[in-house]
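All remarks here apply to the structure that follows.
The values are calculated or read from the model by the stated rules, or taken from the named source; none is laboratory data. None of these values were measured; they are calculated from a predicted model. Please note: Cβ atoms are built from the backbone with ideal geometry, for glycine as well, and neighbour counts cover all protein chains shown.
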Amino acid sequence: MNNSKRSLRPNKIRFAIDTKDEKTKDEIMLELESGRITLGEEKYLITEIQLKEMLLHADDLGSGAQGDVKRINFHNHSIAVKQIKIDDLNLFKQALKELNVLRKVKQDMNFQYIVRYFGYVIVNEPKYIYIFMEELIMCLDKFQSRIKTFPESIVGNIAFDVINALNYLKENHQIIHRDVKPSNMLIDKEGNIKLSDFAVSGELNNSVAKTKTLRGHFQYLAPERIDESQNSVYDARSDVWSLGISLYQLATGKHLYSKLGCDENNEFVLLSFIEKHEPPRLTLEETTFSTEFCDFLNNCLVKNPKERPKYKSDGPNKGIMDHPFFIRATMEQETAKKWLKEQILLVLSNK
Ligand SMILES: Nc1ncnc2c1ncn2[C@@H]1O[C@H](COP(=O)(O)OP(=O)(O)OP(=O)(O)O)[C@@H](O)[C@H]1O
Ligand SMILES: [Mg+2]
């Protein structure tokens, strides 16, 4: 065998069907997995035509920057399908990377704090990716628009579930989420909170590879992620910041930056505000929150990422999972879930 030729391009092969594009073996495998859906023990193969037929009868669950989320009936299971339009090859390659993350996480999909994922379908011309996942009731953004604010103990429970999800993704799959915000926290009918869209993230070791596709809402973005051209290396602690911003919103019903007088609708103003301004602080004088909660939020919102806590303690530096607010939430889980369950049923009954 001619080894010298192989070593020139060890992991790339020419893909005959697709014009001048070169695909890695990984990418080809990902395309081959398209249409394979696993629901528990059952495995199904779904074609483009069957999917299109199902989508004709689908209900809307919501929509985001990437596309719509629909409810479809799949072999008598009600499941959610996220539809992502792919406009160019780079985006497609990025999406394939994200599917790879989903594939890895799929193996231990019963982890209770993340949305279960069943498979995907790639559709050509126009190019779309459809991600099949567990259907939940709604995201916390929408839930909050119905109940206005969450009591502090409930915010503690939300923090508990989300931090467990983030820590699990980091420890088991070397993933940082990169899009932590209330609309990616979903609630089920038992009052459990599950983190979604972890596949729009990226793997930790790729975190320095700069993507200019910072999707979603900028107000959750950590300061160190704003000017990525500065070679700022960010890690899971940028998710800790986004979590802090999200928890503030859930607890107060307000967006933090508008409270500080910043025009959140102006992307440029907002980004420079996050980058240049002192981080927002919660003080006991201006709130009715406990010292623990104020301190927890202020810890998440430490501006210098190197001084911001990680999930778990690291030497002498305490992690947010060791913070008294988190520990209190661990003990108040049952009551919090009961409250969430009652409220979500109430919201559903008044739909
Ligand atoms: N698995 C799901 N079950 C039920 N509803 C869902 C599910 N996933 C998403 N949704 C709903 O669909 C909406 C759109 O979700 P999507 O992830 O596309 O966008 P987003 O997170 O709201 O915003 P962005 O596109 O900026 O990230 C969500 O707000 C949520 O209400
Ligand atoms: Mg989302």
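Any residue in the range 254-275 that's at pLDDT 80 or above: show its pairings with residues that are hydroxyl-bearing (S, T, Y) and outside any loop (DSSP other than H, G, I, E, B) at Cβ separation under 6 Å, as long as the two are six or more apart or on different chains.
L256/Y248; E264/Y257; E264/S258
Conditions first: (1) within 18 Å of Y311 (Cα to Cα); (2) at pLDDT below 90; (3) within 16 Å of ligand 1 (Cβ to nearest atom). E203 passes all but one, so which condition is the exception?
All conditions are met except number (3).
Is one or more of the residues making up the range 135-151 over 17 Å from the mean Cα position of the chain (by Cα) and surrounded by 24 or more Cβ atoms within 10 Å (Cβ to Cβ)?
So far as the range 135-151 goes, yes, one or more of its residues are over 17 Å from the mean Cα position of the chain (by Cα) and surrounded by 24 or more Cβ atoms within 10 Å (Cβ to Cβ).
List every residue pair whose Cβ atoms lie under 7 Å apart, where the two residues are 6 or more positions apart in sequence or sit on different chains, the first residue falls within the range 69-96 and is in the same structural domain as G35 (by TED's automatic domain parsing), and the second residue, located anywhere, is among the aromatic types (F, W, Y) and away from ligand 2 (no atom under 16 Å from the Cβ).
Every condition considered, the pairs that remain are H75/Y44; I79/F118; Q83/Y128; I84/Y128; K85/Y128; I86/F92; I86/Y128.
Please give the number of the condition L186 fails out of (1) of a type in the set (A, V, I, L, M, F, W, C); (2) at pLDDT below 95; (3) within 13 Å of ligand 2 (Cβ to nearest atom).
(2)
Inside the range 37-146, counting only strands (runs of 3 or more DSSP E) that do not spill past its ends, which hold 1 or more residues that are within 24 Å of E190 (Cβ to Cβ) and among the hydrophobic types (A, V, I, L, M, F, W, C)?
59-63, 68-74, 77-85, 117-123, 128-134
Pick out the one residue from N167, N157, N172 that is away from ligand 1 (no atom under 16 Å from the Cβ), assigned to a helix (DSSP H, G or I), assigned by TED's automatic domain parsing to the domain that holds T252 and closer than 19 Å to F293 by Cβ.
N157
Which condition from (1) in contact with a Lys or Arg (Cβ under 9 Å, 6 or more places away or on another chain); (2) without any contact (Cβ under 8 Å) to a residue 40 or more places away in the chain is the one that L345 breaks?
Looking at each condition in turn, L345 falls short on (2).
State which residue is farthest from ligand 2 (Cβ to nearest atom) when the search covers only the range 136-153 and only residues that are farther than 19 Å from S196 by Cβ and β-branched (V, I, T).
T149
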